[in-house]
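Chemist: Before I ask anything, here is the structure I am working with.
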Amino acid sequence: MAKKILILLGSPKENGNTAILVDWFCKGLRTKNPAIEIIHTAFLKYKSNGCLACRACQKLKEYECVVDDEAKPVLRKMAEADIIVMATPLYFFGASAQLKLIFDRMFSLYKWNNEAKTMQTVLKGKTLVLIASAFEDVGLDALEKPFVLTAEYTGMKFESLLVPNAGISGAVKDNKEIKNKVIAFGGRIVK
């Protein structure tokens, strides 16, 4: 059975470096024939700017957000995917706000019992992949850290492909070395 791969593309630029990297990554993935879905998080319609910290999701039996907007089905798809890919440019030493909105709403995919000090999540055992690009060679380590910690806390396997010195938006398209590296990375993710 083909693995389900959900790619959350967090760049507001449709033809920027991050979108190019995702395209190359998908070329590598397709060598293994998985089911791939790409969601452009910058173009979703939101009713809230991130998690509201209402904790209403913790009272539900289901793992879902109570805010009924276009993030809700994305979160559901995250729960169903085998591999979740988050792709983002580096913005001020972190992920783009467009990706961070979904990342914060992942709170609804966990159930905490604070009294018993336990946590359950539908994400455990999945693979979290980070693809990130930066104009220069500064800050990708800071961007990566929250994703590493989330994967460790959640019991997810973690992989990342960080592309420093990608240049201005769209410039990476002319870099054959990076292209080959990203395609190979995509092929390696699906085993």
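The values are calculated or read from the model by the stated rules, or taken from the named source; none is laboratory data. Note that the coordinates shown come from a computational prediction; the quantities given were computed from them, not determined experimentally. We place every Cβ from the backbone using ideal geometry, glycine too, and count neighbours over all the protein chains shown.
Chemist: Quick check: is even one residue across segment 159-169 without any contact (Cβ under 8 Å) to a residue 40 or more places away in the chain, hydroxyl-bearing (Ser, Thr, Tyr) and surrounded by 16 or more Cβ atoms within 10 Å (Cβ to Cβ)?
Modeler: yes
Chemist: Go over the candidates Phe103, Phe107 one by one and state the one that is part of a helix (DSSP H, G or I) and either of a type in the set (S, T, N, Q) or out of contact with any strand residue (DSSP E or B) (no Cβ under 8 Å at 6 or more places or on another chain) (or both).
Modeler: Values: Phe103 fails: either of a type in the set (S, T, N, Q) or out of contact with any strand residue (DSSP E or B) (no Cβ under 8 Å at 6 or more places or on another chain) (or both).
After applying the criteria, what remains is Phe107.
Chemist: Going by the structure shown, is Lys47 of a type in the set (Lys, Arg) and not in a helix (DSSP H, G or I)?
Modeler: The answer is yes for Lys47.
Chemist: Follow-up. Could you please give the count of residues in segment 14-44 that are assigned to a helix (DSSP H, G or I) and of a type outside the set (D, E, K, R)?
Modeler: So the answer is 15.
Chemist: Any idea which residue in segment 25-50 is farthest from Arg188 (Cα to Cα), counting only those that are buried (at least 18 other Cβ atoms within 10 Å of the Cβ) and within 16 Å of the chain's Cα centre (by Cα)?
Modeler: Among them, the one singled out is Thr41.
Chemist: Could you tell me whether segment 128-148 includes any residue that is outside any loop (DSSP other than H, G, I, E, B), among the β-branched types (Val, Ile, Thr), at pLDDT 95 or above and over 16 Å from the mean Cα position of the chain (by Cα)?
Modeler: Looking for residues that are outside any loop (DSSP other than H, G, I, E, B), among the β-branched types (Val, Ile, Thr), at pLDDT 95 or above and over 16 Å from the mean Cα position of the chain (by Cα), one finds none in segment 128-148, hence no.
Chemist: If you scan segment 139-158, which residues turn out to be over 19 Å from Cys26 (Cα atoms), of a type in the set (A, V, I, L, M, F, W, C) and touching a residue at least 24 places away in the same chain (Cβ under 8 Å)?
Modeler: Leu140, Ala142, Leu143, Phe147, Met156 - these are the residues of segment 139-158 that are over 19 Å from Cys26 (Cα atoms), of a type in the set (A, V, I, L, M, F, W, C) and touching a residue at least 24 places away in the same chain (Cβ under 8 Å).
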